[in-house]
Amino acid sequence: MTDSAPRSLRPIRSYVLRQGRMTEAQQRAFDTLWPRYGLTLDDAPLDLPAIFGNTNPVTLEIGFGNGDTLAQLAQQHPERNYLGVEVHSPGVGHLMIKLAQQESTNVRILQTDALALLRHQLPTASLASVLLYFPDPWHKRRHHKRRIVRPEFAELIHRALTPGGLLHMATDWEDYARHMMRVLSAHPGFVNQAGAGEFSPRPASRPLTKFEQRGQRLGHGVWDLLFERHAR
Ligand SMILES: C[S@@+](CC[C@H](N)C(=O)[O-])C[C@H]1O[C@@H](n2cnc3c(N)ncnc32)[C@H](O)[C@@H]1O
């Protein structure tokens, strides 16, 4: 369904596609680096070992923004593979430039709706972990239906994770943190690593972004949630 369809028939999306101006360097990155880092979805499920050329564990970051976190993680963990999914072109361009500068070979990027990726292209039990950092909070009540974390999301992540795999979410919006807690706690296939109903201390594994540092200076809270897929 396209955006020219009547409003009542359009799918509810968790993002607004802003055109956003790309810098010349970002535009060039699409021309020269997309063949190295970009994946284009077709009808077949992704064959991750073939894509990465190895069977290292795969982490998916959903909505990576400008990609600084993903680039940092990829550099710190050459023994893992990273898939990033983001709809916003300047962020994709920014990340490709970083990856080329640091000569990363363990990252691939999809520019598409993460829900479409999870619904149709990711094989069952193919991911060791999923990261969802600071998703759009859609804080007005009438927009809550656009939040990416909802029961279908929990089910899709559960299907994509290997047994024992981890979903790590973080938000600086308390109401969304509580919503995430409710949705994930209601899914019988996950265990909250911090104990039922508890938020986790910020794990050292989550890079501290500029965005979060600014929030810390302003005294904003951040809530981390770590849910493990049951081992069976
Ligand atoms: C508030 S930003 C946070 C970016 C980044 N994770 C960070 O912590 O700085 C949320 C990002 O998620 C992306 N996004 C939202 N819904 C998405 C979806 N369904 N599929 C892919 N990306 C999505 C948006 O384009 C946006 O860049």
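The values are calculated or read from the model by the stated rules, or taken from the named source; none is laboratory data. Keep in mind the model is a prediction, meaning the values are calculated, not measured. In this analysis, Cβ positions are derived from the backbone assuming ideal geometry, glycine residues included, and neighbour counts consider all displayed protein chains.
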Which of the residues belonging to segment 1-34 are at pLDDT 95 or above and among the small types (G, A, S)?
A25, A29
Would you kindly identify the strands (runs of 3 or more DSSP E) lying entirely within segment 145-232 that contain at least 1 residues that are of a type outside the set (D, E) and within 15 Å of the ligand (Cβ to nearest atom)?
161-171, 223-229
Do we have R159 as charged (D, E, K, R) and more than 19 Å from A128 (Cα to Cα) here?
no
Total residues in segment 13-28, condition surrounded by 10 or more Cβ atoms within 10 Å (Cβ to Cβ), within 16 Å of the ligand (Cβ to nearest atom) and over 18 Å from the mean Cα position of the chain (by Cα)
4
In segment 29-46, how many are more than 19 Å from E103 (Cα to Cα) and surrounded by 17 or more Cβ atoms within 10 Å (Cβ to Cβ)?
1
